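The next block holds one structure in the form of C-alpha cells; read it before the comments.
The values are calculated or read from the model by the stated rules, or taken from the named source; none is laboratory data. These figures come from a predicted structure and were not determined experimentally. Cβ atoms come from the backbone with ideal geometry, glycine included; neighbour counts cover every protein chain shown. The protein model used for the area step is the full one, side chains on, heavy atoms only, and it has no ligands, DNA or RNA in it. Shrake-Rupley method; radii C 1.70, N 1.55, O 1.52, S 1.80 Å.
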Amino acid sequence: MSGHKQLRIALRNCGVIDPENILEYIARGGYMALGKILDEMAPEDVIDELKKSGLRGRGGGGFPTGLKLEFARRNEGERKYIICNADEGDPGAFMDRSILEGDPQSILEAMAICGYAVGANEGYVYIRAEYPLAIERLTIAIRQAYEAGLIGDDIMGSGFSFDIKIKYGAGAFVCGEETALISSVEGNRGEPHFKPPFPAEKGLWGMPTTVNNVETLANIPSIFNMGAGRFAEIGTKTSKGTKVFALAGNVNKVGLVEVPMGTTLREIVYDIGDGIVGGKKFKAVQTGGPSGGCIPEQFLDIPIDYESLKEIGSMMGSGGMIIMDEDTCMVDIAKYYLEFTTDESCGKCTPCRIGNKRLYEILCKITKGEGTEEDLDSLKELGGIIKDTSLCGLGQTAPNPVLSTMKYFYDEYLSHVRDKKCPAGICSSLTRYEIIADKCIGCTMCAKACPTACISGKVREPHKIDQAKCIKCGACFKACKFDAILKS
Amino acid sequence: MIKIKSFNELKELKESLNAQREHIRIIVGMATCGMAAGAGEVFDSIAGEIMRQGLKNVTVVRSGCMGACHSEPTVEIVKPGEDPVLYGNVDSSRAKVIISNHIMRGEIVEELVLEKNYETASLGEVEQ
Ligand SMILES: Cc1cc2nc3c(=O)[nH]c(=O)nc-3n(C[C@H](O)[C@H](O)[C@H](O)COP(=O)(O)O)c2cc1C
Ligand code: SF4
Ligand code: SF4
Ligand code: SF4
C-alpha cells in the first residue's frame, strides 16, 4: 500500500463513475463478478469464498456475511428473499446514502450474487423515503439493469433469474432493525419481534430471508474480483477489509472516509481529518451512534475493529463518527442520544419504553443542576437492567452513551451533581456570567445585547448582571470586547 | 441498451467501452452533499462552457460523493495518461478558469487543488 491512510473498496466507484449510466459501471468491471459466478461457480463455492474473505456485516452487528448466507441456503422454503437494508437511521450517518447515490449498480449486482448463493429469486431494497436522490438513482439503475439483462429473467443466459423491487421505509429508526424491517415490508407495523426465529429461518412472508446492509453488499463484487484471499489480507485478525465512516463534528476535514480495519482513531482524526477545528483540544470520539459510546483520548492509538471498540465500551455501529473538542459536555451528549432513543422507542417492551425515559429524566435533572450522587448510581443500575431485559437492539444498546460517558468522564458527572457546575460551560442552567469590575470599562455593549435588560451600570463605570433575571443566553459574553465577562 | 446474453458478451462490451476512452473526463461530485453546496450550478456552467468553447473530446460526468464534504463542490479532471486532479470549493467562475487553464492549456490551477488522500483498491481483473 502507498502512504495513503484511506483505501476505497466499498466506495471504489463513488465520485468516479456516472451512477445513472450502467455502461460506466460495466467499463469499471461491473457485473464481472456476477458473470463469473453464474458461469463457473456453484452456490456453495460462492458462500465458501465469502466465508474465506472474512466479510462481516457493516450495518452494526458485525455478523459474518458468508455464514448468514449459508443459514438461509440450508433452510427450506418455497421461496427465499434477499433484502438490502438502506434504512440508515443513525443521526449523522450518510455512508449508505453515498453508496446508493454514487454506485447503485454495485448493490444490485451484490444482491443478485447473494440470491444465487442462497437460492433466492427476489430481492427488496428497503430505503428511507427521506433519501429522494438515492431513490431516483436506484430506480434508474434498476431499470437499466433490467434492460441490459443483468437482473431479471435468465441473467446472461445462465438460467438464473433475480428480480429487485424498492420498498420505502416508514421513517422510524427502529425499522432498520431486521425483524421490524421485515414486518414493515409485509405492510405491518414496523415493530421488532423476538429472535429466534431468525430471518434466515422465518423471514419475509415466513420464508428464509437474508438482510444485508448497503455497505456490506457494496464489498461483495470486489471480493470476487480481487479474490477473497487478498481481501482477507486487509484489516485485523478478526475484522477484514475496510470500514466507511462519516466523519463529523469538531474536525477540520469532515467527510466520508474509508479506511482499512485496524486503522487508529488518531490516524482518522489527525491525518485524515486534519485535526481539531481551531486547534482546540481533542476530548472524545463518538462511534456507533445512539447505540455506541464516547471514546476518550487514552484510546486514540488502538487499532479499531469490531472487538476493540466493544472492549472500550463503544461499538463499530454503522459508521457514524463524531469528533468532540474540549468544549463538549459529556452529560449533555449522553442526554442528546437518550432523547433520540426515547423518541424512537417503539414502546413494545417496558424496560425500553419506561426505563430509557427514566434515564433521560435523570440526565435532564443533572444538567439542570438538580441531580444528586444517588442519581448517578441509579443511572448505572437502571442502564444495566435496560441492557439485559430489552427485546431488541434499540433498547439493549440505548444506555451505552450514558454508561460509556460515566465510565470515562465520571468527574464531569460529579461536577454537575456535587459542585453544580458544567466544566465545559454547556449546560446553561449551570453556567454563570459575571462582570469583572476591574476589567470592565463601561462601554455598555453588553447591556445593549442583553435580551432581558438585566445588565445595569453607567457609561464608563463597571456594569453588573442581575443574576435573578439572567437567562444565561451568553449574548453579553459575546458582545464584550474587553474580556470583562467571566463565564463559569 | 442492448441485452447482454452471455458472460462473453459482457466481457466484450467492457473491452469495447474501455477502448473508446480517449476522452477527457470532468467529474462533478453530485451526491446530496455536493448538490446542497451548489454542484448543480457548477455542472450546468461547465457543460455550457464546454459547448461554447466547442470542445469535442470532453465528457462531463455527474457522479457521486468523492468524500471531501469539507470542500464541496468538488470537480475532478481525468486526462488520459495523466494523474487525475481534484479541485475543491469550485463555483461557476472558478469552473471557467479550470476549463480555460487546465482543459484548454494544460495548466493545473494549483490554488484550487485538493490533496487526494485515498487509494482505490485495484479491481483485480477477473481471470478471462
Ligand atoms: C434499532 C436498530 C436499528 C438498525 N438500523 C439499521 C440500519 O439503518 N441499517 C442497517 O443496515 N442495519 C440496521 N440495524 C441492524 C439490522 O438489524 C441488521 O443487523 C443488519 O441490517 C444486517 O446487515 P449486515 O449483516 O450486513 O450488517 C439496526 C438494528 C437495530 C437494533
Ligand atoms: S427495545 Fe425498545 S424499540 Fe425494541 S422492541 Fe422494545 S420498546 Fe421497541
Ligand atoms: S447571559 Fe444573556 S441574559 Fe444573562 S446577562 Fe448576559 S445577555 Fe443578559
Ligand atoms: S461590554 Fe464588557 S467592558 Fe463593556 S460594559 Fe459590558 S462588561 Fe464592561
Listed residue pairs exceeding 26 Å between alpha carbons, taken from A:Lys387/A:Lys487; A:Lys167/B:Lys5; A:Lys243/B:Lys116: A:Lys387/A:Lys487; A:Lys167/B:Lys5
With a ≥ b ≥ c taken as the square roots of the eigenvalues of the C-alpha gyration tensor of the protein assembly as shown, please select rounded if a/c is under 1.5 and otherwise prolate if a/b is larger than b/c or oblate if it is not? oblate
Where both partners of a DSSP beta bridge lie in the protein assembly as shown, what percent of those bridges are antiparallel, to the nearest 5? 50 percent
Residues of B:9-19, mean number of Cβ from any other protein chain within 10 Å of their own Cβ, rounded to a whole number? 4
Filter the trypsin sites (Lys or Arg not before Pro) in region A:354-414 to those in DSSP coil with at most 16 other Cβ atoms within 10 Å of their Cβ, and list the result. A:Lys368
Per residue of A:381-389, count partner chain C-beta atoms within 10 Å of its C-beta, then hand back the mean as an integer. 0
Under 13 Å from a point placed 7 Å out from the Cα of A:Ile166 along the Cα-to-Cβ direction: which residues of region A:15-31 have their backbone N that close? A:20
Interface buried area B-A, accessible surface with 1.4 Å probe, both sides summed, nearest 100 Å², comes to 4000 Å²
Delta accessible area of at least 50 Å² on complex formation, residues of region A:25-48, 1.4 Å probe, chain isolated as reference: A:Ile26, A:Ala27, A:Arg28, A:Met32, A:Lys36
Let a ≥ b ≥ c be the square roots of the eigenvalues of the Cα gyration tensor of region A:1-138; is it rounded (a/c under 1.5), or, if not, prolate (a/b larger than b/c) or oblate? rounded
For region A:22-232, accessible area per residue (1.4 Å probe, heavy atoms of protein chains only), Å²: 32 Å²
Buried on assembly, region A:207-238 (at least 30 Å² less accessible surface than by itself, 1.4 Å probe): A:Asn225, A:Arg230
By the Cα gyration tensor axes a ≥ b ≥ c (a/c under 1.5 gives rounded; else a/b larger than b/c gives prolate, otherwise oblate), the shape of chain B is prolate
List the GluC sites (Glu not before Pro) within region A:195-283 that DSSP assigns to loop and that have no more than 14 neighbouring Cβ atoms inside 10 Å. A:Glu233
Could you work out the longest stretch of chain B that avoids the GluC sites (Glu not before Pro) located in DSSP loops with at most 16 other Cβ atoms within 10 Å? B:23-81
Out of region A:339-423, which chymotrypsin sites (Phe, Trp or Tyr not before Pro) are coil in DSSP terms and have no more than 13 other C-beta atoms within 10 Å? none
Give me the distance in nm between label points sitting 7 Å out from Cα along the Cα-to-Cβ direction at A:Thr350 and A:Ser488, one decimal. 4.7 nm
Could you work out what % of the accessible surface of the protein assembly as shown is carbon and sulfur, using a 1.4 angstrom probe and leaving DNA, RNA and ligands out of the count? 50 percent
Count the DSSP beta bridges whose two residues both fall in chain B, then state the antiparallel fraction as a percent rounded to the nearest 5. 55 percent
